[in-house]
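Accompanying notes for the structure given below.
The values are calculated or read from the model by the stated rules, or taken from the named source; none is laboratory data. Just so we're clear, the structure is a prediction, and the values are computed from it rather than from any experiment. Cβ: placed from backbone, ideal geometry, glycine included. Neighbour counts: every protein chain shown.
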Amino acid sequence: MWMLSFVPDSWLHFAVIAVLAAGVALYGVSFVLAFLPPFRLYREPARIIGTLLALVGIYFYGSYSTEMEWRSKVEEQQAKVAKAEAESKDANTKIKTVYVDRVKVVKEKQVVIEKQIVEVAAKMDAKCEVIPEALDILNDAAAGVKK
Amino acid sequence: MKKLLLLTVILLAGCATSVPVERKFPDAPQELMEKCPELKQTEQTSKLSEVLKVVTENYSQYQECKLEVYTWIEWYSTQKQIFDSVK
């Protein structure tokens with residue numbers, strides 16, 4: 001059935017109706033042949049072939065309806081997916097913009113803090129001396145736990 | 001003849017398969033894919049101002065990493081919601 005997806009809708013519809021109509025017509029003709037002695041011989045084969053064609057036509061008509069329903073669902077699904085992809089892209093852009101802006105604020109604040117440190121550096125350095133052991137503890141804490 | 005017909009019907013029914021619509025979970029922004037750097041170490045010094053500078057830089061680094069984690073959570077929740085909305 002998957003191969004049917006490559007055939008255009010109109011072609012499929014035409015083929016299904018043609019098979020069904022040919023079957024019904026042949027079945028009808030088989031009755032007419034009964035009244036035409038030279039062709040009476042073909043009556044049974046025509047009836048059998050007509051019946052088979054009609055049955056195959058009905059089967060294909062059912063398949064065709066299923067195929068059309070399936071195509072409609074696929075189109076519906078594809079539309080939903082396309083909409084979701086567009087929404088996803090928009091959301092990505094918004095989230096990225098907000099993130100970049102927030103990071104910028106953090107960096108700007110750090111610049112301000114560094115200026116404040118420079119302003120009071122002489123004062124704090126004069127009043128406080130950091131011993132090497134304090135630095136070791138600080139660095140050890142900053143290093144965290146290595147894997 | 002009957003067997004042939006039956007076989008044809010079975011074979012045709014066997015071909016009835018559905019092709020799913022292909023979907024892909026979106027890629028995260030490149031900015032969120034960067035790893036948080038290690039915290040800075042303080043050079044040997046006795047000046048409190050230099051130590052304070054490194055400490056505040058590390059605080060700032062933490063703030064950036066916190067933002068990255070929060071943004072990841074927000075990104076995942078939003079994208080999952082959008083992804084799940086298609087049924």
key: Some residue of the range A:42-61 being basic (Lys, Arg) and not in a helix (DSSP H, G or I)   = no
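Report yes if residue A:47 is among the charged types (D, E, K, R), buried (at least 17 other Cβ atoms within 10 Å of the Cβ), farther than 18 Å from residue A:69 by Cβ and more than 14 Å from chain B (Cβ to nearest Cβ), otherwise no. Spell out the reasoning first.
Working: among the charged types (D, E, K, R): yes; buried (at least 17 other Cβ atoms within 10 Å of the Cβ): yes; farther than 18 Å from residue A:69 by Cβ: yes; more than 14 Å from chain B (Cβ to nearest Cβ): yes.
It is true that residue A:47 is among the charged types (D, E, K, R), buried (at least 17 other Cβ atoms within 10 Å of the Cβ), farther than 18 Å from residue A:69 by Cβ and more than 14 Å from chain B (Cβ to nearest Cβ).
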inquiry  = Exactly one condition in (1) more than 9 Å from chain A (Cβ to nearest Cβ); (2) in a loop (DSSP other than H, G, I, E, B) is false for residue B:44; which is it?
reply    = (1)
request  = May I ask you to list the residues in the range B:68-87 that are exposed (fewer than 13 other Cβ atoms within 10 Å of the Cβ), facing chain A (nearest Cβ under 7 Å) and modelled with pLDDT of 95 or more?
outcome  = none
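Got a sec? Which of A:106, A:81, A:56, A:130 is touching a strand residue (DSSP E or B) at 6+ places or on another chain (Cβ under 9 Å) and surrounded by 16 or more Cβ atoms within 10 Å (Cβ to Cβ)? Explain how you work it out, then say what you get.
Numbers: A:106 fails: touching a strand residue (DSSP E or B) at 6+ places or on another chain (Cβ under 9 Å); A:81 fails: touching a strand residue (DSSP E or B) at 6+ places or on another chain (Cβ under 9 Å); A:56 fails: touching a strand residue (DSSP E or B) at 6+ places or on another chain (Cβ under 9 Å).
So the residue among A:106, A:81, A:56, A:130 that is touching a strand residue (DSSP E or B) at 6+ places or on another chain (Cβ under 9 Å) and surrounded by 16 or more Cβ atoms within 10 Å (Cβ to Cβ) is A:130.
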remark   = Note: among B:83, B:25, just one is part of a loop (DSSP other than H, G, I, E, B) and either closer than 22 Å to residue A:82 by Cβ or touching a strand residue (DSSP E or B) at 6+ places or on another chain (Cβ under 7 Å) (or both), namely B:25
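Please verify whether the range B:6-19 includes one or more residues that are facing chain A (nearest Cβ under 8 Å), modelled with pLDDT under 95 and farther than 30 Å from residue A:49 by Cα. First the steps, then the outcome.
We begin by selecting, within the range B:6-19, every residue facing chain A (nearest Cβ under 8 Å); these are B:9, B:12, B:15-19.
From what is left, the residues that are modelled with pLDDT under 95 are B:9, B:12, B:15-19.
Going one step further and asking which of them are farther than 30 Å from residue A:49 by Cα, we end up with B:18-19.
Within the range B:6-19 (the criterion being facing chain A (nearest Cβ under 8 Å), modelled with pLDDT under 95 and farther than 30 Å from residue A:49 by Cα), the answer is yes, since at least one residue qualifies.
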inquiry  = If I filter the range A:48-60 for residues that are more than 30 Å from residue B:30 (Cα to Cα) and free of Cβ contacts under 8 Å to residues at least 12 places away in the same chain, do I get at least one hit?
reply    = yes
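Could you say whether any residue in the range A:8-30 is among the polar types (S, T, N, Q), surrounded by 12 or more Cβ atoms within 10 Å (Cβ to Cβ) and either part of a helix (DSSP H, G or I) or at pLDDT below 85 (or both)? Break it down stepwise before answering.
First pass over the range A:8-30, keeping only residues among the polar types (S, T, N, Q): A:10, A:30.
Those left that are additionally surrounded by 12 or more Cβ atoms within 10 Å (Cβ to Cβ): A:30.
Of the ones still in play, those that are also either part of a helix (DSSP H, G or I) or at pLDDT below 85 (or both) are A:30.
Within the range A:8-30, one or more residues are among the polar types (S, T, N, Q), surrounded by 12 or more Cβ atoms within 10 Å (Cβ to Cβ) and either part of a helix (DSSP H, G or I) or at pLDDT below 85 (or both).
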request  = Output the qualifying pairs, or none if there are none: Cβ atoms under 7 angstrom, residues six or more apart or on different chains, first residue in the range A:77-99 and facing chain B (nearest Cβ under 7 Å), second residue surrounded by 12 or more Cβ atoms within 10 Å (Cβ to Cβ) and aromatic (Phe, Trp, Tyr).
outcome  = A:84/B:83; A:95/B:75
inquiry  = Can you confirm whether residue B:56 is in a loop (DSSP other than H, G, I, E, B) and closer than 28 Å to residue A:130 by Cα?
reply    = no
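Which of the residues that make up the range A:100-119 are facing chain B (nearest Cβ under 8 Å) and either modelled with pLDDT under 95 or within 23 Å of residue B:69 (Cα to Cα) (or both)? Give the derivation first.
Step one: of the range A:100-119, the residues facing chain B (nearest Cβ under 8 Å) are A:100, A:102-103, A:106-107, A:109-110, A:113-114, A:117-118.
Within the range A:100-119, A:100, A:102, A:103, A:106, A:107, A:109, A:110 meet the criteria.
Please work out if residue A:126 is of a type in the set (Gly, Ala, Ser), without any contact (Cβ under 8 Å) to a residue 24 or more places away in the chain, at the interface with another protein chain (Cβ under 9 Å from one of its Cβ atoms) and part of a helix (DSSP H, G or I). Reasoning before the result, please.
Working: of a type in the set (Gly, Ala, Ser): yes; without any contact (Cβ under 8 Å) to a residue 24 or more places away in the chain: yes; at the interface with another protein chain (Cβ under 9 Å from one of its Cβ atoms): no; part of a helix (DSSP H, G or I): yes.
The answer is no for residue A:126.
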